[in-house]
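Student: Following this message is one structure expressed as structure tokens.
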Amino acid sequence: MDPVIFLIQVLNGVQYGLLLFLVASGLTLIFGILGIINLAHGSFYMVGAYLAFSLTERMGNFWLALAAGVLLAVALGMALEWLVMRFLYPRDHLYQVLLTYGLILVFEEARSLIWGDDVHGVQVPAALDFSIPLTDTLSYQVWRLVMSAVCLAIAAAMYWLIQRTRLGMMIRAGAVNREMVQSLGIDIGLLYRVVFALGVALAALAGMLAAPVSSVFPGMGNQVLIISFVVVVIGGIGSVKGALVAALLIGLADTFGKVLLPQLAGMVVYLLMAAVLLWRPQGIFGRT
Amino acid sequence: MGRPLQILLVIGLIALAAFPLVGEKFYLQFVTKVMIMAIFAISLDLLVGHTGLVSLGHALPFGVAAYALMLLTPEYQAAGFWTSLAVSVGVAGLASAIVGALVLRTSGIYFIMVTLAFGQMAYYYVHDSKHLGGSDGKYIYVRPALELFGWQPFDLEKPAHFYYLALALLVLVYAGMRVLLAAPFGRAIAGIKENEHRMRMLGFATFRYKLACFVLAGMLAGLTGWLTAAHDGLVNPEMLSWHQSGQLLMMVILGGMGTPAGPILGAAALKALELVFQGWTKHWQLVLGLFIVLSVLFVPRGLAQLFEWRRRRG
Amino acid sequence: MAEPLLRTEGLRRQFGGLAAVKSVSLECHLGRVHAVIGPNGAGKTTLINLLSGELAPSAGTIEILGRDAAGLAAHQISQLGVGRSFQRTNIFMSFTAFENCRLAAQSRLPSSMRFVRPALAYRQVNDAALRALEACELLERKDVAAAALSHGERRQLEVAMTLATEPKILLLDEPLAGMGAEESARMVELLRKLAPGHAMLLVEHDMDAVFALADTLTVMVDGSVLASGTPAEVRANDEVQTAYLGAADD
């Protein structure tokens, strides 16, 4: 393979992987700390993309739209947790699966009612809408590099948040011993609400960042959801580090798979998952 | 099983048997579909309700069998009833054996997600395969021909005949399930669902029983796939999608897991609700979604819960 | 003396850097009760987990009825004739007492891959269950759901289930846990009745029960055996006095 093409594929793979990481980290936080399996997580990604579309149109500025979108996503997350999710904590996973599956239907149709079923595009912010030339004929979109950079920044911010702040300490403690945290006077209900909202915001942000590249269409949430699950399974539930490693692995595998093995392209990711499970059923960084 | 439910089931059976005499074609086909879905739901309930294995990938053996029938049906001709049925169910069982050997190494959330992912793997394989019809799928123009020692008493092209085939299979599967659950195997999986750790400590090789269950459920799903493909005359990748698996899980949970009639009630209720909601609004999935959310919050043990006056013990 | 039914030598179990069981050797003979006592954290439950196959040993040998059993899975060890009861009641809560024992007894069928004949039609299985219930004085309560039994009755059911598999070796983990005086006395009587027909390993905190039943006593502290011998010998042992018995007279 031509070295420049190889570089492009690596960059694409990393960018896809980092985007997946954003979505999957929210999913793994919600699983690991709240103990909820949330099938509607992909819907948040979709909501983010559609918000990017409408808000950019209204506000005229992508970055403003991004900020507004994240705030709206946080509000949505808080509301959803309070209205519905908090009743799922004591329930069996089975009921969580079922209820969140119902939520997918609700979100899909709500999206259809609000925004219709058309495919939309979102413009890359003008200042960043150019490409870096790599050879005479090939160049790389700067926006994709920006996406990767933003995702990395978020990953670093999450690390800082979870490992170095009081909030992060409470989150980690709440994951290990809910009752103890409560008896220490910390409002665990609020804590869980914040964590859930954080998860939603991460997914929505990913959708917003991806919108200029992947366009905005119905069903985009579903695709991302399944792959995010695979990321979490491979990385290990509750492990943000695992989600990062697994997401990059999958991003690269999927990208190179499409180029090298087009007949098996869709299956590569799942074959990878099968292989990991045979070797280590709890995921790479999962606790037994 | 509570008396009221027993009576309801008997009445239901009689009504179902008599229905073709009075029903119009549309409703005949609708009820046939419901009965087929009921068999599908029973097969998933074996895994979910009776063994505690929550699979989100039960569409895999279903779709595999459907595609098997498609491949076995010569263009514009009928496949043999017995051979195509045996092969379809067999292939579905084989697929389940392979997938089961892998996924049963996990449990809990991992198991749910892994079954989901394997289902998707099958979906993508079929979706991307030109020779299998790709995303459009393929048609089955003629239904299988049922021959008994060279004699063709039934014509499955007739809606009423297919209806009775589906009804007969439903009754057979239901009865078979009751027998299975009362047998040592059924008690073993009940023990595994309740306390797998203790079962192992008591000397049961639990993996074997879970795998057997997985394969059995897969074969029944295969039966459903064969029936659906024969009835609809079309196979497409959507039959393997996680939406199919998700809908099925809905039926099982809403109807009441681990109860005799739960899966049947769930299949009937969900299909009926779909029909009703579709009549109300184009956005019927919103109503369905809300219905599901509210059901889980307020009627946790499903419809069958509403029929049980006395709780069963032991 | 006859061959031991259960023998372990140099048994060790490591969890990362911590050794919960350091090097334990003991034997169990038919008709004899071997009690294992020691403070919390001594490794007694880990010992039972190792002998029952729940945990694989890091080192050491386990011989069960003459067969090399180290590394066998729990269900395989159970099939060799080992019955294990749990400190925290580990029964089938939604089944009746009878069904709990019946299912336990069903494990002795060559295979439960039987799909047609009703489970209740297997008379030998039913009889084994009833025998176990009778031995544990639960026969009148056989049709009561386990969840509706009293704590003491559940502990009895715990033992009954173990008996229903008709083991030759009994590994009992604190059968008297959480019991009042009357229930404890009944359980001791039950264990005394069972002793002659089995090789019994008994982990217990209740000293009265231990001294009433034990033929051999092993004291474990910090994963190792501090002393082992007849109850009288062990009682007289100075180290044991200071480390365990002298401090708190249970």
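Student: Top mean-square fluctuation among C:Pro231, C:Pro110, C:Pro196, Gaussian network model of chain C, C-alpha springs under 10 Å?
Tutor: C:Pro110
Student: Return a whole-number percent for the relative contact order of the range B:196-308, with Cα pairs under 8 Å and 6 or more residues apart as the contact set.
Tutor: Computed value for the range B:196-308: 21 percent relative contact order.
Student: Something else now. So what's the range B:1-113 giving for Cα Rg divided by 2.2 N^0.38 Å, two decimals? The partial results should precede the final answer.
Tutor: On the way: Rg = 18.0 Å, N = 113, 2.2 N^0.38 = 13.3 Å.
Scaled against compact globular proteins, the figure is 1.36.
Student: Same structure again: As a footprinting exposure proxy, order A:Asp129, A:Asp2 by other Cβ within 10 Å, with the fewest listed first.
Tutor: By the 10 Å Cβ count, ascending: A:Asp2, A:Asp129.
Student: For a distance above 15 Å, tell me the whole-number percent of Cα pairs in the range C:1-81 that qualify.
Tutor: 55 percent
Student: Where the only charges are on Cβ atoms (+1 Lys, Arg; -1 Asp, Glu), what is the dipole of the range B:118-185 about its Cα centre, to the nearest 20 debye?
Tutor: Values: 5 positive and 5 negative charges, 26 e Å.
Dipole of the range B:118-185, to the nearest 20 debye: 120 debye.
Student: Within a 10 angstrom radius of each residue's Cβ in B:101-113, how many Cβ atoms of other chains show up on average? Whole number is fine. Please report the intermediate quantities before stating the final value.
Tutor: Numbers: counts 1, 6, 3, 1, 5, 5, 2, 3, 11, 9, 2, 8, 11.
Neighbouring Cβ atoms belonging to other protein chains average 5 per residue here.
Student: Treating only the Cβ atoms of Lys and Arg (+1) and Asp and Glu (-1) as charged, compute the dipole magnitude of chain A about its Cα centre; round to the nearest 20 debye.
Tutor: The calculation lands at about 900 debye.
Student: Quick one: 3J(HN,Hα) in Hz for the range B:221-232, Karplus 6.51/-1.76/1.60 with θ = phi - 60°, rounded, Gly and Pro as x.
Tutor: Residue by residue, the range B:221-232 yields 4, x, 4, 4, x, 4, 4, 5, 4, 5, 6, 7 Hz.
Student: Still on this structure, please answer the following. Magnitude of the Cβ-charge dipole of the protein assembly as shown, K/R +1 and D/E -1, about the Cα centre, nearest 20 debye? Mind dumping the intermediate values first?
Tutor: Details: 60 positive and 57 negative charges, 146 e Å.
Here the protein assembly as shown has a charge dipole of around 700 debye.
Student: In chain B, what is the count of Lys pairs whose alpha carbons are under 14 Å apart, counting only pairs at least 8 residues apart or on separate chains? Please report the intermediate quantities before stating the final value.
Tutor: On the way: B:Lys25/B:Lys33; B:Lys25/B:Lys158; B:Lys33/B:Lys271; B:Lys130/B:Lys138; B:Lys193/B:Lys210.
Lysine pairs satisfying the spacing and distance rule in chain B number 5.
Student: I'd like the Karplus ³J(HN,Hα) series for the range A:200-208: coefficients 6.51, -1.76, 1.60, θ = phi - 60°, whole numbers in Hz, and an x wherever there's a Gly or Pro.
Tutor: Taking θ as phi minus 60°, the curve returns 5, 4, 4, 5, 5, 4, 4, x, 5 Hz for the range A:200-208.
Student: Sorted by mean Cβ packing within 10 Å, highest first, what order do the peptides B:274-282, B:36-44, C:47-55 take?
Tutor: Details: B:274-282: 12.0, B:36-44: 27.2, C:47-55: 22.4.
The packing order, highest mean first, is B:36-44, C:47-55, B:274-282.
Student: Per residue of B:184-197, how many C-beta atoms from partner chains lie within 10 Å of its own C-beta, taken as a mean?
Tutor: 6
Student: Right, next: Just to confirm the number: angle between the C-alpha axis of helix A:220-235 and the first principal axis of chain A, 0 to 90 degrees, nearest 10?
Tutor: 70 degrees
Student: Work from the charge dipole of the range A:2-124 (Cβ charges, +1 for Lys and Arg, -1 for Asp and Glu, about the Cα centre) and give the residue of A:Trp63, A:Gly32, A:Leu20 farthest towards its positive end.
Tutor: A:Gly32
Student: Hey, with R₀ at 22 Å, roughly what FRET efficiency would B:Glu274 and B:Ala168 work out to, going by the Cβ-Cβ distance, to 0.05? Could the numbers behind the result be given before it?
Tutor: Numbers: r = 25 Å, r/R0 = 1.14.
Step by step, r from the Cβ atoms, then E = 0.30.
Student: Enter the angle in degrees (range 0 to 90, nearest 10) between the Cα long axis of helix C:97-106 and the first principal axis of the Cα atoms of chain C, meaning the one along which they spread out most.
Tutor: For helix C:97-106, the angle is close to 80 degrees.
Student: Hey, if you put +1 on the Cβ of every Lys and Arg and -1 on every Asp and Glu Cβ in the protein assembly as shown, which of B:Gln120, A:Ala157, C:Val203 ends up farthest toward the positive end of that dipole?
Tutor: My answer, from the dipole projection, is B:Gln120.
Student: In addition: Just report the Cα centroid separation between the range A:204-250 and the range B:237-303, whole Å.
Tutor: 28 Å
Student: Here's another thing I want to ask about it. Cut-off 10 angstrom, C-alpha nodes, Gaussian network model of chain B. Which of B:Ala101, B:Ala15, B:Ala229 fluctuates the most?
Tutor: Result: B:Ala15 has the largest fluctuation of those listed.
Student: Here's another thing I want to ask about it. Hey, if you drop one equal point scatterer on each alpha-carbon of chain A and run the Debye formula without solvent, what base-10 log of I(q)/I(0) do you get at q = 0.09, 0.13, 0.15 Å⁻¹?
Tutor: Calculated log10 I(q)/I(0) at the listed q: -0.43, -0.91, -1.20.
Student: Same structure, new question: How big, on average over all directions, is the shadow cast by the Cα convex hull of chain B, in nm²? Can you show the working numbers first?
Tutor: Working: hull surface 68.9 nm².
For chain B, averaging the hull's shadow over all directions gives 17.2 nm².
Student: What are the ³J(HN,Hα) values, in whole Hz, obtained from phi via the Karplus relation 6.51 cos²θ - 1.76 cosθ + 1.60 with θ = phi - 60°, for each residue of the range B:25-32 in sequence order, with x given for Gly and Pro?
Tutor: Here the 3J(HN,Hα) series is 3, 4, 6, 4, 5, 4, 5, 4 Hz.
Student: Name the most mobile residue of C:Ala104, C:Ala129, C:Ala35, meaning the one with the largest mean-square fluctuation, in a Gaussian network model of chain C with Cα contacts below 10 Å.
Tutor: Greatest mean-square fluctuation among the candidates belongs to C:Ala104.
Student: Contact order normalised by length for chain A, with contacts defined as Cα pairs under 8 Å and 6 or more residues apart; what percent is it? Present the calculation step by step, with values, prior to reporting the outcome.
Tutor: On the way: 420 pairs, mean separation 110.0, N = 288.
Computed value for chain A: 38 percent relative contact order.
Student: Still on this structure: Which cross-chain or sequence-distant (5 or more) residues have an amide H under 5 Å from the amide H of C:Val225, H modelled 1.01 Å from N in plane?
Tutor: So C:Val225 has HN proximity to C:Ser23.
Student: Using the Cα centre of the range A:143-216 as origin and beta-carbon charges of +1 (Lys, Arg) and -1 (Asp, Glu), tell me which of A:Ala206, A:Met180, A:Phe196 is placed farthest towards the positive end of the dipole.
Tutor: Of the options given, the answer is A:Ala206.
Student: Taking the Cα-to-Cβ direction at B:Ala97 and at A:Leu152 and moving 7 Å from each Cα, how far apart do the two end points lie in nm?
Tutor: Placing both labels 7 Å beyond Cα along the Cβ direction yields 5.0 nm.
Student: Given a cut-off of 14 Å, what percent of all Cα-Cα pairs of the range A:17-73 lie beyond it?
Tutor: The answer is 60 percent, as a whole percent.
Student: Hey, another quick one. What is the range A:1-91's relative contact order, in percent, from Cα pairs under 8 angstrom and six or more apart in sequence?
Tutor: Working: 30 pairs, mean separation 18.4, N = 91.
RCO, the range A:1-91: 20 percent.
Student: So, one more: Determine how many Å³ per residue the convex hull of the Cα atoms of the protein assembly as shown encloses. Don't skip to the end; give the middle numbers.
Tutor: Working: hull volume 171.0 nm³, N = 852.
About 201 Å³ per residue, rounded to a whole number.
Student: Mind checking the angle between helix A:142-164 and chain A's longest principal axis? C-alpha axes, 0 to 90 degrees, to the nearest 10.
Tutor: 20 degrees
Values quoted throughout were computed directly from the atomic coordinates according to the rules given, and no laboratory measurement underlies them. What you are looking at is a predicted structure, and each value in this text was computed from that prediction instead of being measured. Cβ sites come from the backbone with ideal geometry, for glycine too, and all protein chains shown count toward neighbours.
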